[in-house]
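Asker: Pasting in a structure now, in structure tokens, and then I'll have a few things to ask.
The values are calculated or read from the model by the stated rules, or taken from the named source; none is laboratory data. This one's a predicted model, so the numbers in the text were calculated from it and none came from an experiment. Cβ atoms come from the backbone with ideal geometry, glycine included; neighbour counts cover every protein chain shown. Accessible surface areas use protein heavy atoms only, side chains included; no ligands, DNA or RNA. Shrake-Rupley method; radii C 1.70, N 1.55, O 1.52, S 1.80 Å.
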Amino acid sequence: MLLAQNLPKAELHIHIEGSLEPELIFALAQRNGVKLPYADVEALRRAYAFTDLQSFLDIYYAGASVLLHEADFYDMAWAYFERAQADKVVHAELFFDPQTHTARGVPMAVVIAGLSRACADAKTRLGISSALILCFLRHLSEEDAFATLDAALPYREHFIGVGLDSSEMGHPPSKFAQVFARCRELGLRTVAHAGEEGPPDYIWQALSVLKVERIDHGVRCLEDPALVEHLAQTRIPLTVCPLSNLKLCVVDDLVHHPMKRLLQAGLCATVNSDDPAYFGGYMNQNFVATVQALDLSEADVITLACNSFEASFLSEDARAAFLITLDEAVAEHAG
Ligand code: ADE
Ligand code: ZN
């Protein structure tokens, strides 16, 4: 087994709706009587030929339409946790997109109940710690984001923070300045997708206007040396998703992926799967493909695993405990 596959790690950028495998989409469609515009699993899989972020999002939102009941959200998240365990993911911070569901009449309570029950079971049955991060869809209005926050606040103890996802171009972080300010007042942790397809200026806005603690993707920071310098000095983490970048044509080939340059610049970059059911791989597949394409060293791999804990929203005690298990796994691999 490669070192990367063997190390304990945290996953910080996984859209739980993006873990819905075609087989589960069809099983839930049948269970719920939802008609899909695809004949079968193979036809759906054939549609996974993306040219950019939007071409993916159209199919991703269609896939999520089978989620109606508490058990559906539970089953989806549970399937993810089982795969995460196989990849030695010991801590996961899961994004969820409530507006995708509330817009179809699914109550916020149903979404959060199913996901949080799976998180609780992941801890007791698999030993995986986890947390939920509520994402606002940036193609919708800030007013809609405020309404979503209000609907979620009765379940405040079930999520640790908020994020910003969906179509990036034309929807700059500054569009959500007020709602992020409110979330910070409420003590929520904050992250935002920026610099996936959008320009470095969107990363600057996420940092200076939204004041986020982490940037999701952020790979386009390399176009702005002052931004790279800022990210290196502050150690604001980037949750990078190599196979996603490949499948959404952010890079034309993994050998051109910026991960190595991000590490060389001293950034706190991490490896993540984004939407693993759509992009061809969970955590370890992302690690293995990136290590091979970029010829990353064992030291790079250890740095990436270490970064995943540093970048997490774990308590200092929990982080320290995971870093000890990481050291032990490294020693065991060497010995
Ligand atoms: N929603 C799910 N995956 C996403 C991605 N990679 N970028 C933006 N929004 C998303
Ligand atoms: Zn994402």
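Asker: Mind checking whether some residue in the range 219-232 is in contact (Cβ under 8 Å) with a residue 24 or more places away in the chain, surrounded by fewer than 24 Cβ atoms within 10 Å (Cβ to Cβ) and within 19 Å of Ala147 (Cα to Cα)?
Answerer: No, the range 219-232 contains no residue that is in contact (Cβ under 8 Å) with a residue 24 or more places away in the chain, surrounded by fewer than 24 Cβ atoms within 10 Å (Cβ to Cβ) and within 19 Å of Ala147 (Cα to Cα).
Asker: Can I ask one more? Of all the residues that make up the range 248-280, how many are among the charged types (D, E, K, R) and more than 11 Å from ligand 1 (Cβ to nearest atom)? Give the derivation first.
Answerer: Filtering the range 248-280 down to residues among the charged types (D, E, K, R) leaves 252-253, 260-261, 274-275.
Okay, now just the ones that are also more than 11 Å from ligand 1 (Cβ to nearest atom), so 252-253, 260-261.
Residues that pass the stated criteria total 4.
Asker: Taking the conditions exactly as written (basic (Lys, Arg), free of Cβ contacts under 8 Å to residues at least 40 places away in the same chain and open to solvent by 70 Å² or more (accessible area, probe 1.4 Å)), does Arg235 satisfy them or not?
Answerer: Details: basic (Lys, Arg): yes; free of Cβ contacts under 8 Å to residues at least 40 places away in the same chain: no; open to solvent by 70 Å² or more (accessible area, probe 1.4 Å): yes.
The answer is no for Arg235.
Asker: Looking at the range 166-186, is at least one residue farther than 15 Å from Leu238 by Cβ and under 14 Å from the mean Cα position of the chain (by Cα)?
Answerer: Among the residues of the range 166-186, at least one is farther than 15 Å from Leu238 by Cβ and under 14 Å from the mean Cα position of the chain (by Cα), which makes the answer yes.
Asker: Could you pull out the residue among Ile16, Ile112 that is within 16 Å of ligand 1 (Cβ to nearest atom), within 30 Å of Ala318 (Cα to Cα) and hydrophobic (A, V, I, L, M, F, W, C)?
Answerer: Details: Ile112 fails: within 16 Å of ligand 1 (Cβ to nearest atom).
Of the residues listed, the single one that is within 16 Å of ligand 1 (Cβ to nearest atom), within 30 Å of Ala318 (Cα to Cα) and hydrophobic (A, V, I, L, M, F, W, C) is Ile16.
Asker: Now a separate question. Output the residues belonging to the range 253-264 that are hydrophobic (A, V, I, L, M, F, W, C) and either within 14 Å of Gly195 (Cβ to Cβ) or open to solvent by less than 40 Å² (accessible area, probe 1.4 Å) (or both).
Answerer: At the first step, the residues of the range 253-264 found to be hydrophobic (A, V, I, L, M, F, W, C) are 254-255, 259, 262-263.
Correct list: Leu254, Met259, Leu262, Leu263.
Asker: While we're on this one: Considering only the range 11-57, state which residues are touching a Ser or Thr at 6+ places or on another chain (Cβ under 9 Å) and among the charged types (D, E, K, R).
Answerer: The answer is Glu11, Glu17.
Asker: Turning to a different aspect of this structure: Go through the range 208-245 and give me each residue that's within 14 Å of ligand 2 (Cβ to nearest atom) and among the aliphatic types (A, V, I, L, M).
Answerer: Scanning the range 208-245 gives Val212, Ile215, Val219, Leu238, Val240, Leu243.
This table checks each residue for (1) open to solvent by less than 40 Å² (accessible area, probe 1.4 Å); (2) modelled with pLDDT under 95; (3) within 16 Å of ligand 2 (Cβ to nearest atom); (4) assigned to a helix (DSSP H, G or I).
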position: Leu28; (1), (2), (3), (4): yes, no, no, yes
position: Arg31; (1), (2), (3), (4): no, no, no, yes
position: Leu44; (1), (2), (3), (4): yes, no, no, yes
position: Phe50; (1), (2), (3), (4): yes, no, yes, no
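Asker: Against the conditions (1) within 16 Å of ligand 2 (Cβ to nearest atom); (2) open to solvent by less than 30 Å² (accessible area, probe 1.4 Å); (3) more than 15 Å from the chain's Cα centre (by Cα), where does Tyr61 fall short? Just the number, please.
Answerer: Answer for Tyr61: the failing condition is (2).
Asker: Would a scan of the range 57-67 turn up a residue that is touching a residue at least 40 places away in the same chain (Cβ under 8 Å), over 30 Å from Val291 (Cβ atoms) and not in a helix (DSSP H, G or I)? Walk me through it before giving the result.
Answerer: The initial filter retains those residues of the range 57-67 that are touching a residue at least 40 places away in the same chain (Cβ under 8 Å), namely 57, 59-60, 63-64, 66-67.
Of the ones still in play, those that are also over 30 Å from Val291 (Cβ atoms) are 64, 66-67.
Next cut, not in a helix (DSSP H, G or I) only: 67.
Checked the range 57-67: at least one residue is touching a residue at least 40 places away in the same chain (Cβ under 8 Å), over 30 Å from Val291 (Cβ atoms) and not in a helix (DSSP H, G or I).
Let's see how each residue does on (1) within 16 Å of ligand 2 (Cβ to nearest atom); (2) in a helix (DSSP H, G or I); (3) touching a residue at least 12 places away in the same chain (Cβ under 8 Å):
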position	(1), (2), (3)
Met1	no, no, no
Val34	no, no, yes
Ala71	no, yes, yes
Trp78	no, yes, yes
Val106	no, no, yes
